[in-house]
Each structure stands twice: as structure tokens, then as C-alpha cells.
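Everything below concerns the one structure shown next.
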Amino acid sequence: MGYTNSSMVVYTKLSPNHSGQRTMAIDRITPHCVVGQCTAEGLGDWFYKSSTQASSNYGIDKDGRVGMYVEEKNRSWCSSSNANDQRAITIECASDTTEPYAFRDVVYKRLIELCIDICKRNGKNKLIWFGDKDKTLNYSPKSGEMILTVHRWFANKSCPGNWMYARMGDLAEKVTKALQGSGGGSASKGTQASVLKDLSEADAVKKVGALFTADQKKSGILASVSLAQFILESGYGKSELAQNANNIFGMKCSLSGNTWSGSSWDGKSRYTKKTQEQNADGSYETITADFRKYSCIEDSIADHSAYLIGAMNGKKLRYDGLKGCTDYKKAVQIIKDGGYATSLTYVEKLCSIIEKWKLADYDAKDSGGEVIRWYRVRKSWADSKTQKGAYKILDNAKKCADQNPGYKVFDADGKVVYEPKTAEPAVKVPFLVKVSISDLNIRSGAGTNFTRVQFCPPGVYTIMEVKAGQGSKAGWGRLKSGIGWLSLDFCQKL
Ligand SMILES: [Zn+2]
């Protein structure tokens, strides 16, 4: 199964201190005390050092802010027990520096919330505290059960401190109550909506992007723009899909659970809203836009796209120029100008989402489409015969250029979008040069920044090696005699 991360995270600094992907499914939570009233950033810096040799999945700082240092999918180095950390989400909590290592109220409150969030996303509806080491470690949790463990069982430590240890039962009770009050968690069972449930942001974008790319011809609108709209609006609606998307992309503020005002719900799967578009003569035209309670992403994207492409105003497309537009910034502006969004920052928001998740990489149409935005790998744009390949995905084009010295990646307009750092030019050596001037310096290294050895008497010399260096455009040549280097600017190659 896949894993998600908490949308409560406000600060992320991934630590190198972890064992890679966990080998056991998550069924434990282990709260720890930091032994310090730290900030999320301070804890992040500490775990970021490889010499620390420790980490946790999450941290809750002195102000109740949640940091992430090891993604949930990975096994953190936190509880002095491989067996525990392979299956546990570990949480470091800011605490006092001496026993009982008390947490501030805001920290404890946040810990409860974070545990609820972790349980929900991992399909658990019950958090259990047995208060007994042997019983806990010998217990096989049923599906839906999450178990609390403590560091002191695995090492000679007080962690999580007597303050927290005394509250483990309270924590379990409060979390379970919240989970069962809200319908027993969101353990969706293979529904279409769960397609996003266990994915990281990046994986979700990939998955959604692939779905969209396959279906692009139908929509005529850039994948990047539609994907960004989907992400931005993923908080709307109470459907499981919306909420899962919302959790993944962290668009918490827009999770309003609303439906469109003036829309009607058919009781099963579809919202219908009649929008009134005014014609040039002042008469109204009624357009019916169907907003489904989307059960799958394709539907959501296809409907949004169809709406944007189809919306007419005064017998004219409201979003004129949108169809087939290949510049996402332009497309977003067209949508904004057409009145789709009232938010003043809509363009910036959508563009920043597109850039954050590199959604423009999905803006290639397949061969049947009218617009193909290939990334081409050539020596120069003009020299199409040198083309090594054409790629829809920029990363793949970059890889090709990296493997072929002298090649660059061009976008569809012929602009260089990527140029690998050039290695030393491969010059065939040895070769002969003729020196005609009498005051050419021989230097101890390849550059005018190296000391002068002597003048080079006019004559013919053998160059064994060429290097780039300060003060010479053509580079520096190493003399066979071993005495030093000549600027090839003043030599004639024979
Ligand atoms: Zn600990």
C-alpha cells in the first residue's frame, strides 16, 4: 500500500537519518519528549545533521506547530527499536528539560489532533493504550486498530517522560472518541475515490497527470491548468475524493464542505446548476453545468474542462482563445478575465500550483491531438538532423541530453530549456603547434593565474593535453617537455 503525510505539517525538513521505506504497515504511534522547548525548525536542523543519527516522522514544537522530518512511508530512527519503528509513526513533542518532562497544553492538544489525523489516513478507527509492555508487544492489532507504544520500553530512558506517560490512556481515549464520533475513520474499501488515498503529493500528481494526459484530446485545455484547478478546488464538496485530495494537497482552508449555491442535487451523484449567461442584446441564455459529486478524478477534470471550453457569452466563447492555448500563464489569465474566479490572486495561485508540482510537464498532447509540445534533444535548433529524440516529459529529454555530450533540450519554440554542464571539450591529443612570436609566456599551470616560467622561443611544439583556464579563449596546452603550459590563443595548430 501507499502512504500519505499529514496535512497538519507546517514545516518540512527531511532528515537523511532513516532506513528508507518501512517493511511493516503502520499500526503503532510512539510519542516522545524532546527534552527541550524546541521549534519545528530547530528540531529539523538537529535531525538534518547525519551525525545526529536520529530522527522522527513528526515533531510538535513548543507552539504546537507540526514539523515533518521523515515521511510516513519511511522508517525513522527514533525509539531504539527496529521492530517498533518499522511499524510506528514517531512523534517528538517539545517538553520541559527535566522530569516529568511536561508538555505545554498546546502541544498535547496538537498531539491528539495529529494522532486523529494519522489514524484516519491509515484507516484506523481506534487508538489503544494497554499500559503494559509485554501485552502490547505480543498483541496483533486488528485492522482498524492503532497501538500506542513508548520509548522507555526499548531503552533505559524516561521518554516520553512521566507527564506524558500518565496521559497515554487519556490520549487513546480522546483520539478514539473523535474517530468513532466521525463515523469510525475514513477506511475506504477500494472505492474509486480511494485512488488518491494512500499517495504522496508527488505520486498523486503523477497519477492524476497520467489519467489526464490520456484523455486530453477530448478537453482541448492544457493539462497543467486543469490539474491545477483540480488541486486548488479539491477542498470543495464533501465527497471522499475531495477530502482525500484535500488531505494530500493540503488545501485545508478551502475544505468548506459546501455545495454550489443554487445547485440541485439529484440524490445520487450529480449536482446541477443553471448559470445565466447574458447575451449581447441583454437576453439570457441558460447553460446547465453539471457538477458531479465526483467519484473519480477524470470526471472532475473532464467536467471542469468541458465547462471552461463550452461556456459561451453573447454567442461567443467566454474563454475565447483558451482552446488549444499552449501557454499556461496565458490560459490562466484568459480564465480569470472571463470571470471564472473572483479571487484577485487566482492567477498567481493557479500558476504557483502549476510550478510547484511541475504540472506543465503534462502539457503534451498525444499524436492525435492538434498541439504537440515536444521537448527536442538536438545539437542546435536549426540542425534538426542532429535530433536524438523528442520527449513529452522534460526530465526524460534532460536525461537524453546528459547522455549525449554537446546536445541541448529545446522547447517547442526552439528555446533552449536545458543545457548539460559541458565537460572538457574533447580535443584529440597530442598535436603540433607553431609559435611565431618571441614573447609568449610558458606558465606553470593552465591559466594566467599560474606563475610565468619563461618565454617560449618561436618554433614547433607538441601539446599533450588541453584545459580551459583563465586568460585564454582557446584554452591552454601542456608542453610535451613538461616545462609548462601555453595559451593556445597565440599558437597556430598544425
Ligand atoms: Zn524518545
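Scanning region 143-170 for residues that are more than 15 Å from the ligand (Cβ to nearest atom), surrounded by fewer than 17 Cβ atoms within 10 Å (Cβ to Cβ) and in a loop (DSSP other than H, G, I, E, B) returns Ser143, Gly144, Ala166.
Residues are listed down the side, and each one gets a yes or a no for (1) more than 16 Å from the ligand (Cβ to nearest atom); (2) among the aliphatic types (A, V, I, L, M):
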position	(1), (2)
Thr30	no, no
Leu43	no, yes
Ser50	yes, no
Gln53	no, no
Tyr58	no, no
Asp63	yes, no
Tyr69	no, no
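Among the residues of region 73-91, the ones that are hydrophobic (A, V, I, L, M, F, W, C), more than 15 Å from the ligand (Cβ to nearest atom) and in contact with a Phe, Trp or Tyr (Cβ under 8 Å, 6 or more places away or on another chain) come to 0 in all.
Do we have any residue at all in region 129-142 that's more than 13 Å from the ligand (Cβ to nearest atom) and buried (at least 22 other Cβ atoms within 10 Å of the Cβ)? Taking every residue of region 129-142 in turn, none turns out to be more than 13 Å from the ligand (Cβ to nearest atom) and buried (at least 22 other Cβ atoms within 10 Å of the Cβ). Residues that are more than 23 Å from the chain's Cα centre (by Cα), charged (D, E, K, R) and under 16 Å from Ala228 (Cα atoms) within region 320-354 comprise Lys330, Lys336, listed in sequence order. Listed by first and then second residue, the pairs with beta-carbon distance under 9 Å, at least 6 apart or on different chains, first residue in region 153-174 and over 13 Å from Thr30 (Cα atoms), second outside any loop (DSSP other than H, G, I, E, B) and within 12 Å of the ligand (Cβ to nearest atom), are Lys157/His151; Ser158/Cys33; Ser158/His151; Ser158/Arg152; Ser158/Tyr165; Trp163/Cys33; Trp163/Ser95. Taken over region 440-479, the criterion of being surrounded by 14 or more Cβ atoms within 10 Å (Cβ to Cβ), in contact (Cβ under 8 Å) with a residue 40 or more places away in the chain and not in a strand (DSSP E or B) is satisfied by Gly445 alone.
No lab work stands behind these numbers, since they all come straight from the coordinates. Given the structure is predicted, the values throughout are model-derived calculations rather than measurements. A quick note on method: Cβ atoms are made from the backbone with ideal geometry, for glycine too, and the neighbour counts reach across all protein chains shown.
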